[in-house]
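The values are calculated or read from the model by the stated rules, or taken from the named source; none is laboratory data. This structure is a prediction, so every number in the text was calculated from the model and none was measured. Neighbour counts are summed over all protein chains in view; Cβ atoms, including those assigned to glycine, are modelled from backbone coordinates with ideal geometry. Accessible surface is based on the protein model in full, side chains and every heavy atom, while ligands, DNA and RNA are left aside. Shrake-Rupley method; radii C 1.70, N 1.55, O 1.52, S 1.80 Å.
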Amino acid sequence: MNKLAALRHPAFVTAIVLAALTAVWSLLGAPISLITQIAIYTLYGAGVNLLVGYTGLVPFGASVFFGCASYAVAFFMLGRYGNDLVSLLLATVFSALLALVIGAIILRRRGLYFSLLTLAFSQIAFEIAFKWTAVTGGENGLQGVYRTSFSSPWSFHAFVVAAVVVCIWLMWRIAHSPFGRVLQAVRDNEQRASSLGYNVHRFRHGALILTGTFVGFGGGLLTLMLEGVYANNLSWQHAGDSLLMTVLGGVHHVLGPLWGAIAFILLEDRLSAVTENWWLIFAPILMLFALTSPEGMQGLWQRLYGRQRWTLVRPDIPPRPDVIAPFTSSAAGFVRGKLLLQTFALSKNFGSLVTAKSIDLEVRSGVLHSIIGPNGAGKTTFFNMLSGALKPSGGRIVFDGTDVTRAPMHIRARFGIGRSFQILSIFPNLTVFENVRVAVQAQGAGSGRLLADAYAVDTDNARTWSILNAVGLADVAAEQCVNLPHGAKRLLEIGITLAIDSKLLLLDEPLAGLAEADRVVVAELIRKLAQCQGVLLIEHDIDRVLAISDRISVLHQGRMIADGKPSEVAANPDVIAAYLGAAKDGAQAPPPAIERVAHAQAAAVLVASRVSAGYGGSTVLESVDLIVHAGEAVALLGRNGVGKTTLLRSLSGTLTASSGDILFEGKPLTHLKPYEINRLGVSLVPEGRRLFPNLTVTENLQLAARPGGIGLDGAFELFPRLRERRGAKAESLSGGERQMVAIARALMVPSKLILLDEPFEGLAPAVVKEVMDALIKLRGKVAMVIVEHHAELVLPIVDRAYVLVNGQIAFTGDAVILEQDHELQARLLGVVQAEPAEARGAA
């Protein structure tokens with residue numbers, strides 16, 4: 001550790017701050033017990049933050065450990081053990097055991113239920129302590145618990161400060177251990193962590209035990225400070241004190257509990273001297289912080305200095321090797337042609353809705369086996385049953401000779417079933433490197449180690465770098481995932497999946513959202529993987545599926561309608577009728593020349609001039625100019641990561657442009673909020689659809705409706721399929737149906753401009769045609785900007801096109817020019833990187 005890192009270490013900062021407060025209080029001649037209390041409550045809050053900040057669990061009643069350990073110290077000292085240090089140690093062990101027992105009960109529930117159950121346990125403990133007078137002293141508590149090892153408040157204060165600093169050091173060490181890194185992964189994405197083979201319940205239970213240990217130690221220190229113990233720390237009025245301090249200081253900052261404890265204790269001390277109703281003053285202060293700085297006091301400090309980031313762990317990653325070893329699959333026990341997976345009459349129904357019906361399938365090692373079918377055919381449901389995310393309604397699943405039908409997801413992962421997800425499933429608040437490294441770590445032993453440095457395992461680091469290099473993300477390894485463009489996130493999803501030492505890989509649309517250059521690389525990678533393990537692939541890119549697959553199975557309406565070699569499946573009449581035939585329907589004719597002239601002469605509704613934008617100080621867009629005329633359809637094309645989504649976010653107000661001007665019908669948009677921009681007539685159809693899953697189709701549409709929009713009848717006329725599904729919840733819709741709802745929702749407001757981000761992503765050809773027909777109907781009625789990585793899909797239905805390269809406009813002009821110039825397309829959108837050039841063509 002270098003000197004700068006040592007000076008920034010949370011334990012060192014805590015020691016300096018507490019020492020400074022001690023010096024100030026000494027100079028003032030004030031009782032040192034107040035600073036001792038701040039140190040104890042810093043530990044109390046830090047212990048709670050192990051759950052809140054690192055694990056994603058919010059305990060409303062962590063006071064059950066704090067208060068019970070306080071009483072335990074008193075019982076031990078007044079009973080058989082008179083020594084304060086021995087009693088403190090025993091009380092800490094008791095608190096850990098209490099957390100073990102309570103965790104076994106309450107961790108069966110999550111979210112609000114978990115929070116309320118902790119509060120219930122704390123209130124039960126309070127009722128016992130307050131009313132069992134013969135044992136606990138009731139409301140008078142237990143007094144006369146005199147310290148035996150510390151002769152003065154100052155010596156005890158020094159001990160408390162030293163103990164708290166050591167505990168902060170331990171917690172920081174745990175945060176960087178293999179165990180702590182898994183906790184952060186679980187916090188971000190429980191399902192993904194489970195799919196890697198982690199027993200999420202066990203790790204959460206471990207985190208609760210650690211919280212009980214540290215919080216219990218703090219409770220014992222409070223008893224020794226007061227030389228007595230009282231029930232009020234267990235009551236519901238004080239149950240949330242530690243959580244309050246943590247939130248006040250910043251839950252996503254390791255030193256948040258320190259700043260929160262200082263503010264809470266000092267304000268309570270000063271305000272209570274003024275009035276007994278001090279909460280009437282303190283509450284507005286808390287409300288002000290909650291409204292102005294959700295990241296607490298440290299977040300406010302960071303905002304002032306423009307360095308906003310979480311500080312729960314160090315921001316660094318292991319150094320990149322000079323030479324990165326090429327990626328090779330480490331799947332064990334490979335025998336080509338070995339039967340890996342069998343399903344027998346596998347079925348799934350949600351009430352009366354049948355999504356899988358008596359599916360029989362065999363998958364062998366060394367075979368690239370693809371599953372295709374229209375949207376809503378049941379492909380992802382089938383994958384969810386295979387991986388353990390869904391329990392089947394009937395049938396059996398046998399993997400490598402073992403019946404895994406009832407096995408949970410993490411057990412199946414341990415057996416050798418790895419998967420990727422249709423909807424991106426990564427760890428958004430971890431770095432790119434850590435996303436893959438935590439997946440690599442899952443494949444070996446030692447994930448439960450508490451004090452080892454996770455980044456000190458050289459073999460894990462080397463494999464992580466190999467995987468990142470294989471998917472083209474080695475250069476952005478230190479980036480936070482939340483800042484990545486969609487295509488890079490999809491590559492990261494594949495990288496996480498590659499890290500699993502699986503006998504069978506379940507890949508759910510791994511090519512969705514990727515530019516052609518990346519699709520070629522990933523397809524070749526999948527082909528290589530299939531040479532040393534089993535691969536079961538879901539993909540809508542039919543041409544590529546036919547080219548790379550050894551065997552193809554076709555699902556339609558939950559049933560298996562074909563299974564065989566690619567050539568056999570392609571010639572199957574049932575498949576042609578259900579799926580492939582839809583892909584070969586005639587292409588849409590481009591807009592007539594007269595219509596293009598009319599659009600070019602129409603007034604400009606959107607004018608973006610020299611717009612630059614980015615994330616976290618990095619520039620993604622640089623001096624971009626964009627014009628959209630009334631009723632005009634414009635394509636925005638480019639490889640992954642060039643800034644297409646960033647531009648749409650800037651136009652819709654979800655991302656503030658760092659420079660430049662954006663005018664909509666002459667009104668500046670740069671400083672308006674997203675809802676204000678929407679009310680002017682700009683609607684965004686976001687990537688990933690982002691519907692409200694628990695609302696029906698009708699409710700999703702009605703929620704967005706405003707006078708002047710197309711209304712429900714207009715939405716159902718545009719997408720007839722939605723009329724049939726209007727009572728279905730969004731979570732039960734297929735990907736295509738969700739996209740239809742997302743587009744219709746944007747039209748429920750009086751929109752003059754619609755921004756569509758990857759509207760055809762992950763859709764079957766038949767559904768692509770439905771969506772495309774709807775967009776054609778809208779041409780001339782509303783202006784559209786369509787982001788799409790498949791140029792051949794969107795160019796025939798738009799008037800003009802823009803191409804982004806490295807955050808700059810490399811082409812603007814008539815869509816027909818780009819559509820017919822295949823060499824230009826290859827240079828701007830293909831594998832060969834093009835340099836930004838002067839805009840061509842006429843706007």
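Things worth noting here:
- Yes/no for Ser95 being in contact with a Leu (Cβ under 6 Å, 6 or more places away or on another chain) and of a type in the set (S, T, N, Q): no
- Test: Arg649 is of a type in the set (D, E, K, R), out of contact with any His (no Cβ under 9 Å at 6 or more places or on another chain), closer than 23 Å to Gln808 by Cα and assigned to a helix (DSSP H, G or I): yes
- Residue match in segment 38-55 (condition: surrounded by fewer than 23 Cβ atoms within 10 Å (Cβ to Cβ) and in contact with a Phe, Trp or Tyr (Cβ under 6 Å, 6 or more places away or on another chain)): no
- Tabulated pairs, segment 1-20, first touching a residue at least 24 places away in the same chain (Cβ under 8 Å) and over 16 Å from Thr311 (Cβ atoms), second part of a helix (DSSP H, G or I) and open to solvent by 50 Å² or more (accessible area, probe 1.4 Å), C-beta under 6 angstrom, 6+ apart or interchain: none
- Check on Ile423, β-branched (Val, Ile, Thr) and either part of a helix (DSSP H, G or I) or buried (at least 23 other Cβ atoms within 10 Å of the Cβ) (or both): no
- Of residues in segment 585-606 being open to solvent by 40 Å² or more (accessible area, probe 1.4 Å), at pLDDT 65 or above and outside any strand (DSSP E or B), the one nearest to Arg779 (Cα to Cα): Glu595
- For segment 76-86, the set of residues classified as of a type outside the set (A, V, I, L, M), open to solvent by 70 Å² or more (accessible area, probe 1.4 Å) and out of contact with any Ser or Thr (no Cβ under 8 Å at 6 or more places or on another chain) consists of Arg80 only.
Residues are listed down the side, and each one gets a yes or a no for (1) touching a helix residue (DSSP H, G or I) at 6+ places or on another chain (Cβ under 7 Å); (2) farther than 24 Å from Asn189 by Cβ:
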residue	(1), (2)
Ser365	no, yes
Gly373	yes, yes
Lys379	no, no
Arg396	no, yes
Arg412	yes, no
Gln422	yes, no
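- Within the set Ser33, Ser63, Ser70, the sole residue that is open to solvent by 10 Å² or more (accessible area, probe 1.4 Å) and under 29 Å from His252 (Cα atoms) turns out to be Ser33.
- Of all residues making up segment 522-551, the number that are among the β-branched types (Val, Ile, Thr) and within 22 Å of Asp501 (Cβ to Cβ): 4
- Restricting Glu819, Glu737, Glu838, Glu792 to those that are touching a helix residue (DSSP H, G or I) at 6+ places or on another chain (Cβ under 9 Å) and modelled with pLDDT under 85 reduces the list to Glu792.
- Residue in segment 159-176 that is over 23 Å from Pro10 (Cβ atoms), open to solvent by less than 10 Å² (accessible area, probe 1.4 Å) and touching a residue at least 40 places away in the same chain (Cβ under 8 Å) present: no
- Any hit, segment 332-353, residues being under 31 Å from the mean Cα position of the chain (by Cα) and either within 30 Å of Ala175 (Cα to Cα) or among the β-branched types (Val, Ile, Thr) (or both): no
- Within segment 268-323, being of a type in the set (Lys, Arg) and free of Cβ contacts under 8 Å to residues at least 12 places away in the same chain holds for Arg270, Arg303, Arg307.
- Flag for Leu85 being modelled with pLDDT under 95, part of a helix (DSSP H, G or I) and of a type in the set (A, V, I, L, M): yes
- Residue count, segment 404-449 (criterion: at pLDDT 90 or above, among the β-branched types (Val, Ile, Thr) and under 15 Å from the mean Cα position of the chain (by Cα)): 5
- Residue match in segment 344-363 (condition: at pLDDT 90 or above, open to solvent by 40 Å² or more (accessible area, probe 1.4 Å), in a strand (DSSP E or B) and under 27 Å from Val440 (Cβ atoms)): no
- Of the strands (runs of 3 or more DSSP E) that lie entirely inside segment 467-584, those containing 2 or more residues that are at pLDDT 85 or above, open to solvent by 20 Å² or more (accessible area, probe 1.4 Å) and in contact with a strand residue (DSSP E or B) (Cβ under 6 Å, 6 or more places away or on another chain) span 559-564.
- Qualifying positions in segment 120-154 - assigned to a helix (DSSP H, G or I) and either open to solvent by 90 Å² or more (accessible area, probe 1.4 Å) or of a type in the set (A, V, I, L, M) (or both): Ala120, Ile124, Ala125, Ile128, Ala129, Lys131, Ala134, Val135, Glu139, Asn140, Trp154
- Unique match (being open to solvent by 50 Å² or more (accessible area, probe 1.4 Å), of a type in the set (A, V, I, L, M) and under 15 Å from Leu210 (Cβ atoms)) among Leu100, Leu107, Leu89, Leu117: Leu100
- Taken over segment 282-299, the criterion of being among the aliphatic types (A, V, I, L, M), surrounded by 13 or more Cβ atoms within 10 Å (Cβ to Cβ) and modelled with pLDDT under 85 is satisfied by Ile285, Leu286.
- Subset of segment 654-710 [crowded, with 17+ Cβ neighbours inside 10 Å, in contact (Cβ under 8 Å) with a residue 40 or more places away in the chain and part of a strand (DSSP E or B)]: Gly660, Ile662, Phe664, Val682, Ser683, Leu684, Val685
- Within segment 728-767, the set of residues being touching a Gly at 6+ places or on another chain (Cβ under 8 Å), farther than 27 Å from Thr381 by Cβ and assigned to a helix (DSSP H, G or I) comprises Leu747 only.
- Output for segment 53-74, where each listed residue is assigned to a helix (DSSP H, G or I) and either without any contact (Cβ under 8 Å) to a residue 24 or more places away in the chain or within 21 Å of Gln184 (Cα to Cα) (or both): Gly53, Tyr54, Thr55
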